[in-house]
Amino acid sequence: MAALKPAPKAPAPASVPSEAAIQFIDLKAQQERIRPALDRAIARVLDHGQYIMGPEIGELEKRLAAFTGARHAISCASGTDALLMILMAKGVGPGDAVICPAFTYTATPECIALLGATPVFADVLADTFNLDVDALPGALDAARKAGLRPRAIMAVDLFGQPADYDRLLPFAHEHGLFVVADAAQSFGSTYKGRRAGTFGLATATSFFPAKPLGCYGDGGAIFTDDDTLADVMKSIRLHGKGSDKYDIVRVGINGRLDTLQAAILLEKLAIFEDEIVARQRVAQRYTAALHNVIKVPEVPAGLTSVWAQYTLTVPGGKRDALMKALAGRGIPAMVYYPRGLHEQTAYRGCPVATGGVPVAARLPQDVLSLPMHPYLDEVTQGRVIAGVGEVLG
Ligand SMILES: *Cc1c(COP(=O)(O)O)cnc(C)c1O
C-alpha cells in the first residue's frame, strides 16, 4: 500500500479528464473490447430490418438455453416482465400469497402485487443475503392468518449467488408451492455444478445494463424445463396469441425483447464466461485483502457467484461514515438496499412472516457495495482496498 497517492479532499472537478475516477460498474471498458463486433451486429439488424422477433431472437434463445442447460429459454422485455409472465402463466391472482424475501429489489414483490396477489415477506440470512429457509414456516403461518392461499415461493439469488435450493425446493414440494427463481442478478452463477436457470418451476433473469450480463436497454429472459408452461409464456409474451396473431386465447402483454438487444446480447454472451472468471478474480482479491478488516460476503461451498455486487457488512452505525470517507477519496460505494420492502410505503400492508424479519430490517443500515466489474484492474482495486483499510483500520 506504500505507492498510494494522497487521497484527494473532494472528487476531481468534472473539467479534469480523470483517468483516476473509479467506476462503480464500468460498461465502457467492455464496449471498447467488443465495439467492432457490436457495430457489425447492429448493422446486420439495420440491414435485415426485422426489428421485432427477428432472427437474432431465436439464435439468442438457443444459446441461452445451451448456456444454462434449461430446456426452454424465452427472451422478453425485462426481468420484471419475466417474473410477471411466470406468475401470469400459473394464474396467480387475488387471494393468493407468494412468499418472497423482504431484502431484495422492488421488482420481486411488484409483479406479485400487480396481479392482485399478496407478497408475504420472509427474512434473509446475514451471511448470504438470501432467503432463510427456516423463516418459511412463519411465512406460511402469516399467509394463512391473513386468509390467503399460499401458492409459491419467489426465491431471489441476491448479489449474484444462488439461494439454497436444496433446502428450498423440498419445503415448497411438501407444502404444494411452486418455486420461481429471481435470478436477475445471478445469471451465470452455479449451485452444486448446475447453472442458475435450472432450479424450481421457472427462472427469471434481467439484461438491464448493469446486471452481470446486460444489454443496451431493457431486456430479460425466462428459463423452464416445463413444455406446457413455456408455450403459455410464449403466448403471453405476444398479447396472449393462439394459432395466429389475431387469435387471442388469453390476456397477455407486449413482453418481447427487441431484435437489436438480442444482437447485442449475442456478442456479450460470447465473452461472458471470460468476464465471470474476471469478476471472481476481483472478488477473491477483495476477500483476501479485507476479510480481516470487515465482514466480507460469503459464498457457501459448492456455489459460485457472478458478483452482481460485492457487499460488505459494516455494523455498529459505521457504514455511512465509511461510505462518506470513501467518496472523499474518489471511491464510489453504494447501498443496496436502503430499506426492507416490508418498510416501503407501497408494501406496508403486506403480511410479514411470523417471527418477523430482523435481519432484513438491519441490513439496510449495515450493507455497502464496493466497485465491481470484470475490468477492475489491480491498481485501481488497490485504491479501493486501501481506502477501506484506512477508514476502518
Ligand atoms: C434488476 C432486478 C429485477 C428486475 O429486472 P429489470 O430487467 O430491471 O426489470 C428483478 N429482481 C431483482 C432481484 C433485480 O435485481
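The values are calculated or read from the model by the stated rules, or taken from the named source; none is laboratory data. All of these numbers come straight from a predicted model, not from anything done at the bench. Neighbour counts run over all protein chains shown; Cβ positions are idealised from the backbone, glycine included. Please note that ligands, DNA and RNA were not included when accessible areas were found on the heavy atoms of the full protein model with its side chains. Shrake-Rupley method; radii C 1.70, N 1.55, O 1.52, S 1.80 Å.
Within 11 Å, Cβ to Cβ, of Leu83, how many net charges do the neighbouring residues add up to if Lys/Arg are +1 and Asp/Glu are -1?
Charge balance in the 11 Å sphere: -3.
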Highest GNM mean-square fluctuation among Arg329, Arg250, Arg362, for the chain with Cα springs under 10 Å, belongs to Arg250
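Counting only DSSP beta bridges with both residues in region 35-270, tell me the antiparallel percent, nearest 5. Intermediate values should be presented prior to the final figure.
Details: 16 of 33 bridges.
Expressed as a percentage, antiparallel bridges in region 35-270 total about 50.
Dipole size in debye (nearest 20) for the chain around its Cα centre, Lys and Arg Cβ +1, Asp and Glu Cβ -1? Kindly include the intermediate steps, with their values, before the conclusion.
Working: 39 positive and 40 negative charges, 116 e Å.
Computed charge dipole of the chain: roughly 560 debye.
On the accessible surface of region 158-237, probed at 1.4 Å, how many percent belong to carbon and sulfur atoms?
Values: 1280 of 2510 Å².
After summing per-atom areas, the C and S share lands at 51 percent.
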Please sort through the DSSP H helices of the chain and keep those with an alpha-carbon extent of at least 24 Å along the long axis and a Kyte-Doolittle average not below -0.5. 272-290
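For a quick protection proxy, order the peptides 71-77, 135-141 by their average other-Cβ count within 10 Å, most packed first. The partial results should precede the final answer.
Values: 71-77: 22.9, 135-141: 21.1.
Peptide ranking by packing, descending: 71-77, 135-141.
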Among Gln365, Gln185, Gln309, the residue with the largest mean-square fluctuation in a Gaussian network model of the chain built from Cα contacts under 10 Å is Gln365
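Classify the chain as rounded, prolate or oblate from the Cα gyration tensor: take a ≥ b ≥ c as the square roots of its eigenvalues, call it rounded if a/c is under 1.5, otherwise prolate when a/b beats b/c and oblate if not. Walk me through the numbers before you get to the answer.
On the way: a/c = 2.04, a/b = 1.21, b/c = 1.69.
In terms of gyration-tensor shape, oblate.
Quick one: compute the contact order of the chain, relative version, from alpha carbon pairs under 8 angstrom and 6+ residues apart, as a percent. Don't jump to the answer; show the numbers that get you there.
Working: 816 pairs, mean separation 92.0, N = 393.
Computed over the chain, the figure is 23 percent.
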Among Asp132, Asp258, Asp320, which one shows the highest mean-square fluctuation when the chain is modelled as a Gaussian network with alpha-carbon springs under 10 Å? Asp320
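Rounded, prolate or oblate, given the Cα gyration tensor of region 270-321, with a/c below 1.5 counting as rounded?
Values: a/c = 2.43, a/b = 2.10, b/c = 1.16.
Since a/c reaches 1.5 and a/b is larger than b/c, the shape of region 270-321 is classed as prolate.
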Could you work out how far the C-alpha centroid of region 84-142 sits from that of region 257-278, in angstrom? 30 Å
Need one value: the accessible area of Phe178 in square angstrom, 1.4 angstrom probe, rounded to the nearest 10. 30 Å²
Rounded, prolate or oblate: which one fits region 199-246, using the alpha carbon gyration tensor with axes a ≥ b ≥ c (rounded when a/c is under 1.5, else prolate when a/b beats b/c, else oblate)? oblate
Stretch gain in nm, segment Ile248-Phe24, where the contour uses 0.36 nm per residue and the Cα spacing is subtracted: 76.1 nm
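With respect to the cross-link table entries Lys62/Lys268; Lys211/Lys268; Lys28/Lys324; Lys192/Lys268; Lys90/Lys145, which display a Cα-Cα separation exceeding 20 Å?
Details: Lys62/Lys268 15 Å; Lys211/Lys268 12 Å; Lys28/Lys324 26 Å; Lys192/Lys268 25 Å; Lys90/Lys145 23 Å.
Check vs 20 Å cut-off fails for Lys28/Lys324; Lys192/Lys268; Lys90/Lys145.
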Å² of accessible area per residue within the chain, as computed with a 1.4 Å probe and no ligands counted: 43 Å²
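Per the helix-only calculation at 222 nm, which mean residue ellipticity applies to the chain, given -39500 (n - 2.57) for every DSSP H run of n ≥ 4 and division by its residues, nearest 500 deg cm²/dmol?
Per the formula, -12000 deg cm²/dmol.
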